[in-house]
1. Placing +1 at every Lys and Arg Cβ and -1 at every Asp and Glu Cβ, with all other atoms neutral, what dipole size does the stretch 16-368 have around its Cα centre, in debye to the nearest 20?
2. Express the carbon and sulfur contribution to the solvent-accessible surface of the stretch 1-108 as a percent, rounded to the nearest whole number, probe 1.4 angstrom.
3. So who's got an amide H within less than 5 Å of the one on LEU349, skipping anything under 5 residues away but keeping other chains? H placed 1.01 Å off N, in plane.
4. State which entries of LYS11/LYS89; LYS22/LYS320; LYS203/LYS236; LYS22/LYS77; LYS126/LYS174 exceed 21 angstrom in Cα-Cα distance in the structure shown.
5. Going by Cα centres, the stretch 286-346 and the stretch 8-27 are how many Å apart?
6. Considering only MET284, TYR369, PRO302, whose Cα is most displaced toward the positive end of the charge dipole of the stretch 276-378, charges sitting on Cβ of Lys, Arg (+1) and Asp, Glu (-1)?
7. In debye, nearest 20, what is the charge dipole magnitude of the stretch 162-258 about its Cα centre with +1 on Lys and Arg Cβ and -1 on Asp and Glu Cβ, if you could check?
8. Along the positive direction of the dipole of the stretch 16-368 (beta-carbon charges: Lys, Arg +1; Asp, Glu -1; about the Cα centre), which of HIS141, TRP245, ALA105 reaches farthest?
Amino acid sequence: MSWHPQYRSSKFRHVYGKAASKEKCYDCVPITRNVHDNHFCAVNPHFIAVVTECAGGGAFLVIPIHQTGKLDPHYPKICGHKGNVLDIKWNPFNDFVIASCSEDATVKIWDIPKHLLTRNITSPKKELLGHVRRVGLIEWHPTANNILFSSGYDYKIMIWNLDTKEAVISNPVKILDAHKDVVLSMSFNTDGSLLATACRDRKIRLIDPRAGTVLQEASYKSHRVNKVLFLGNMKKLFSTGTSRWNNRQIALWDQNDLSVPLLEEDLDGSSGLLFPFYDSDTHMLYVVGKGDGNIRYYEISPEKPYLNYLMEYRSHLPQKGIGMMPKRGLEVSACEIFRFYKLIPTKSLIEPISMIVPRRSESYQEDIYPLTTGAQPALTAQEWLNGVNKGPLLVSLRPGSGAVNSSPQFPEPEPLVKSTDPSQHQGRGGRTPLQDMQKLCEIEDSRKQLKVEEKLPKNEQMRLSNGFDVFECPPPKTENELLQMFYRQQEEIRRLRELVNQRDVQIKQLELELRNLCTDTGHY
């Protein structure tokens, strides 16, 4: 068992799970009965996709994230596969593109329209044909655009470059043929230069995906691995599986030495699979049990005891699969640090579960929201294939903030001024011309940002809320839905008023700074 110290200081010690109210759940969703060990759910800030039951072939649903409540039984599906859909994943850099794989041995890429679906989608944007047996896993590259990995029951992992005009791609750019059995799990490190896999032969492999070589291999007999996960930049791997006595087990590994785990812990005697999720911003690890209603969560530390147990979210409703909202889709005003979407097939229900840090203040909590992975790729597909590695581009979750480059480029030094007397270059308040130049650059950037926002047509400015069309929701059918829409519009009006007030204040500040700069430059 892992060592649990009696006293330990942590801002996440009191994190708790909060299930959404019935009105904010997705009801009457025909969730798949497939027994394949996958999440069956994919979420982004705009949509929730879930694999569904379908007669004759495979299908999945794509529901706008705000369209909660009962789902229309005739709601359109994405149904182009000839066999059951086994895995779905949203493109991390395009919220309107999703990949799916199926028992028909194909991988398909779909364009999801921004307006509400009115009919079934049967024609994919691209079709990837390379596997000879069913495809069980797909993963998008974390930093390179349009690079997709697929793993099939032919024991091969294929790397696809989607930056092509062809609608049907038959030749992957690389085939990884290092496994002797079915691959159960794939996970990338932060910059996508390494791939960790868990295989049915009970081995964990660390692979260089571009070279196709196995760098490390773990064949630890007492831990039968099912899922493996990279723990961000901590140079550690986390795995879930079973012990020799068929107890559910978790293990922690050193990335550079997979001979013996750093830590091994038996959890319970249940038979369901354990799905691990890691939040590299908060260093929190979540372990979700399939077939039970529990979500255990831990905090990872670089030194012993490595794994610090925090708490467990319990529910009497068992989950068939689970989806995870990216950090950019969380509600920061409620101190939400993670959100799951729990599939409950016995009730045909999808239930959001928010992990919340209890804080009294409703202002932005910078200490629990560091810079996080954004929605912009750091590399093109060809750059990554040519051997370039880059970390993800980071963004701030503070409302109104823009993207931040994870590898900032420093400006070239200014040429030296001819005069050597420093007193000649100081205006009022002891400011130097360099400081004034920096101030001018800041003001110019702010003006550019305002100009970009002004370029939007008036109707687009009114319709877009956080980049999504607020008029896409279907018309209300009941009095309750009408009230909900009324309150939503009131909230939107209040938010827009606040935004206008902020812009007015910002404009006044910029005008004042410009006036001060003009006054100061007249003294040089």
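1. Computed charge dipole of the stretch 16-368: roughly 720 debye.
2. 52
3. VAL29, ILE344
4. LYS11/LYS89; LYS22/LYS77
5. 9
6. It is MET284, whose Cα lies furthest towards the positive end.
7. It comes to approximately 480 debye.
8. So the residue furthest toward the plus end is ALA105.
The values are calculated or read from the model by the stated rules, or taken from the named source; none is laboratory data. Being a predicted model, the structure only gives us computed values, none of them experimental. Don't worry about glycine lacking a Cβ; one is built from the backbone with ideal geometry, like all the others, and counts go over all protein chains shown. What goes into the accessible areas is simple: the full protein's heavy atoms, side chains included, and nothing from ligands, DNA or RNA. Shrake-Rupley method; radii C 1.70, N 1.55, O 1.52, S 1.80 Å.
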